[in-house]
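The values are calculated or read from the model by the stated rules, or taken from the named source; none is laboratory data. Quick caveat: nothing in here was measured; it's all calculated off a predicted structure. Every residue, glycine among them, receives a Cβ derived from its backbone with ideal geometry; neighbour counts consider all protein chains shown.
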Amino acid sequence: MNLSINFLFMTKEMAANDYVGFTFFIGCMAMMAASVFFFLSMGSVDKKWRTSLLVSGLITFIAAVHYLYMRDYWADFGTSPTFFRYVDWILTVPLMCVEFYLILKLAGAKKSMMWRLIFLSVIMLVTGYIGEAMDQANAQLWGLVSGAAYFVIAYDIWLGSAKKLAVAAGGATLKAHKALCWFVLVGWAIYPIGYMAGTPGWYDGIFGGLDLNVIYNIGDAINKIGFGLVVYSLAVSSSEK
Ligand SMILES: *C/C=C(C)/C=C/C=C(C)/C=C/C1=C(C)CCCC1(C)C
């Protein structure tokens, strides 16, 4: 039962050609380093930005811990740590929704906007998990439902009420909001590609056998660390004044 805890930090061999294992390893380090950076940066920005930086650090910290587990899971079993992956996402993706809210709060954002995004992200992830781990035979269908929720999230922040608040706030807030929107549209689109590489469907074979974990790990590094850096630069640039 406590196997997954006992094997943490134990030395194992990693094959030189285990490029999947390597991306878990490097992803883990990157998430740890980013967390230290975001936490330590909290002291050098205006008070009103500290919570945003704290959340950025929590996102990468939660990921770092899950990467430790996923790295070891991969080393031991050589199969996808799907469960840890989705537990990580179900914690960190809603926190990214909180980040949108925190940035726009000063411009008058309501909590209902945040809860709506969180609700949609949970639907996106739960249906994705079902398709990937529980009902692969219908992976295409679950992926479609998940994709629909993703589409609504993207619509909401690009064109919905969040957009209006960002425009009203202008300046650095608008710029940061735009950057985060691009992360959701382009950065998050990496994940459905990983899903298609790892589940059966009409898309079989088009990714040439590339392991879904490599795609997910690249997506995580871009989205979690990049997202945090956008928040960091907003905090720094609007603290200087
Ligand atoms: C830090 C982790 C992040 C930002 C994870 C994001 C995950 C997604 C945007 C996943 C989306 C999916 C679809 C849109 C369809 C197929 C199933 C998913 C869950 C991979």
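Observations
- Among the residues of segment 188-224, those identified as in a helix (DSSP H, G or I) and more than 10 Å from the ligand (Cβ to nearest atom) are Ala197, Asn213, Val214, Asn217, Ile218.
- Cβ pairs under 7 Å, 6+ apart, first in segment 81-109 and over 30 Å from Met70 (Cα atoms), second within 10 Å of the ligand (Cβ to nearest atom) and assigned to a helix (DSSP H, G or I): none
- Just one residue in the set Ala179, Ala197 is of a type in the set (A, V, I, L, M) and surrounded by fewer than 18 Cβ atoms within 10 Å (Cβ to Cβ); that residue is Ala179.
Residue-by-condition table, conditions (1) surrounded by 17 or more Cβ atoms within 10 Å (Cβ to Cβ); (2) at pLDDT below 95; (3) of a type in the set (A, V, I, L, M, F, W, C):
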{"site": "Asn2", "(1), (2), (3)": "no, yes, no"}
{"site": "Phe9", "(1), (2), (3)": "no, yes, yes"}
{"site": "Lys12", "(1), (2), (3)": "no, yes, no"}
{"site": "Tyr19", "(1), (2), (3)": "no, yes, no"}
{"site": "Phe37", "(1), (2), (3)": "yes, no, yes"}
{"site": "Phe61", "(1), (2), (3)": "yes, no, yes"}
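- Looking across Val167, Val186, one residue alone is more than 21 Å from the chain's Cα centre (by Cα), on the phi < 0 side of the Ramachandran plot and free of Cβ contacts under 8 Å to residues at least 12 places away in the same chain. It is Val167.
- All positions within segment 207-217 that are modelled with pLDDT of 90 or more and farther than 19 Å from Tyr129 by Cα: Leu210
- On inspection, Ile157 passes the criterion of being touching a Cys at 6+ places or on another chain (Cβ under 7 Å) and within 14 Å of the ligand (Cβ to nearest atom).
- Selection status of Thr51, of a type in the set (Ser, Thr, Tyr), in contact (Cβ under 8 Å) with a residue 24 or more places away in the chain, within 16 Å of the ligand (Cβ to nearest atom) and within 30 Å of Gly171 (Cβ to Cβ): no
- Ala148, sole failed condition from (1) within 20 Å of Leu120 (Cα to Cα); (2) buried (at least 17 other Cβ atoms within 10 Å of the Cβ): (2)
- Candidate set: segment 121-145, residues that are touching a residue at least 40 places away in the same chain (Cβ under 8 Å) and in contact with a Gly (Cβ under 6 Å, 6 or more places away or on another chain); chosen: the one farthest from Arg85 (Cα to Cα): Gln140
- Look at (1) within 18 Å of Tyr101 (Cα to Cα); (2) near the ligand (Cβ under 10 Å from one of its atoms) and you find that Leu185 fails only one, number (2).
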